[in-house]
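For reference, the structure discussed in these notes is given below.
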Amino acid sequence: MSERMLIIGAGAVGAYAGGYLARDGRDVTLCDPWPDHVETMRRDGLRLEGVTAEECFDTAVKAIHLTDLQATRRDGPFDIVFICVKSYDTPWAAALAREYLAPNGFAVSLQNGINEDAIAEIVGWGRTVGVIASKIVVDLVEPGRVCRRVAKGGAKHTVFRIGEPHGRITPRLERLNEMLASIDAAKVTSNLWGERWSKLVANSMSNGVSAATGLSVTEYTKAEATRRLSIRLAGEAVRVGQANGYALEKINGFAPENWVAAAAELTGGANDTPVLDKVEDGMLSALANLRDDARPSMGQDIRKGRRTEIDYLNGLVVRRGAEVGIDAPANARLVDAVSAVENGALPPAPERVEGF
């Protein structure tokens, strides 16, 4: 019998993963707090779109409202619960997961940020697994419709990285790998925390920049000022992660040390900037795989009038840096800029990040 799976938070990432799992015939239920989204999926199914024709399809899904979750108990508990909510909603989602997990079941953090500790505090470390979704760029554009705006990773880039907090490779990781590999490239990893912080660096250099400026990834990468701000943000985040003992992986195609070196060349006033030049060329070249309208999740949140995860991304860099005596001034100023936009004090515009 196939494992029963529940996705709490059928937003962009949750619905995207759930749609593929449902198309594959997996027993998966999508649970979300947005009534129109749930009703659309119930009536019309889920529409997934990508950059190629093969990625565009409709699939029937089991979708329920949060208030319907209690009725699922009659069918038995869930073997796997994917938590796909925003970082700030993790505690309540983990509490829900605990109530509906099978005795040998486990919860999977499929989120931005680092939320395994918050989940484990509620369901237990032995029932907590992490999955990083790297360079997935999905957007819930309307009820029942998710659009992916970047090419699939395939052989060039591993999108899903699946790990245990303790670092060992387990049978449940292998099962998750089999499931997620049908969506895009996947692997099991013994370096969950290094992968997590590496993704945090990638998020920290992009999400807040888009949120504060209102620019798409293509727009802020092509503009020298915001492109170079992204590099400084990355350099700070890498230094903080390494000082905290994380073994970082490549970030957007470059070794973590390259981001530190590029940021140093940028801020040090050097006449010769070989690493900075290489990193900037790589950032610009990567735009070929991206749709011009692609925005990271925080940029999407601002456009939709939603709360952002700035305190759980760049804010975490600042806090963890302070713990080890490393300042992250660019990240700190970006937290303030995004907070001002999010709270309605200022509109998103490139001027929000001028003078950083």
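Some points to look at:
- Residue in region 154-173 that is closer than 28 Å to Ala330 by Cα, polar (S, T, N, Q) and in the same structural domain as Gly50 (by TED's automatic domain parsing) present: no
- Flag not set for Asp281, criterion: modelled with pLDDT under 95 and under 18 Å from Thr226 (Cα atoms).
- Consider region 263-286 and keep the residues that are under 23 Å from Thr158 (Cβ atoms) and of a type in the set (Gly, Ala, Ser). The one that is nearest to the chain's Cα centre (by Cα) is Ala286.
- Residue list for region 121-147, filter: under 24 Å from Glu249 (Cα atoms) and in contact with a strand residue (DSSP E or B) (Cβ under 8 Å, 6 or more places away or on another chain): Thr128, Val129, Gly130, Val131, Ile132, Ala133, Ser134, Lys135, Ile136, Val137, Val138
- Filter pass, Arg42 being touching a residue at least 24 places away in the same chain (Cβ under 8 Å) and either basic (Lys, Arg) or surrounded by fewer than 16 Cβ atoms within 10 Å (Cβ to Cβ) (or both): no
- Of all residues assigned to region 95-108, at least one qualifies as being in contact with a Ser or Thr (Cβ under 7 Å, 6 or more places away or on another chain) and not aromatic (Phe, Trp, Tyr).
- For the residues Leu248, Leu276, the requirement of being within 26 Å of Trp193 (Cα to Cα) and surrounded by 14 or more Cβ atoms within 10 Å (Cβ to Cβ) singles out Leu248.
- Just one of the numbered conditions (1) out of contact with any Pro (no Cβ under 6 Å at 6 or more places or on another chain); (2) in contact (Cβ under 8 Å) with a residue 40 or more places away in the chain is not true of Val341: (1).
- Residue match in region 295-309 (condition: under 22 Å from Gly245 (Cβ atoms) and either among the aromatic types (Phe, Trp, Tyr) or in contact (Cβ under 8 Å) with a residue 24 or more places away in the chain (or both)): no
- Residue that is surrounded by the fewest Cβ atoms within 10 Å (Cβ to Cβ), among those in region 67-104 that are out of contact with any helix residue (DSSP H, G or I) (no Cβ under 6 Å at 6 or more places or on another chain) and among the charged types (D, E, K, R): Arg74
- Counted as qualifying within region 47-111 are the strands (runs of 3 or more DSSP E) with 1 or more residues that are basic (Lys, Arg) and closer than 20 Å to Arg26 by Cα, namely 62-65.
The values are calculated or read from the model by the stated rules, or taken from the named source; none is laboratory data. Note that the structure is predicted; figures quoted are calculated from it, not measured. Virtual Cβ from ideal backbone geometry, glycine too; neighbours counted across all protein chains shown.
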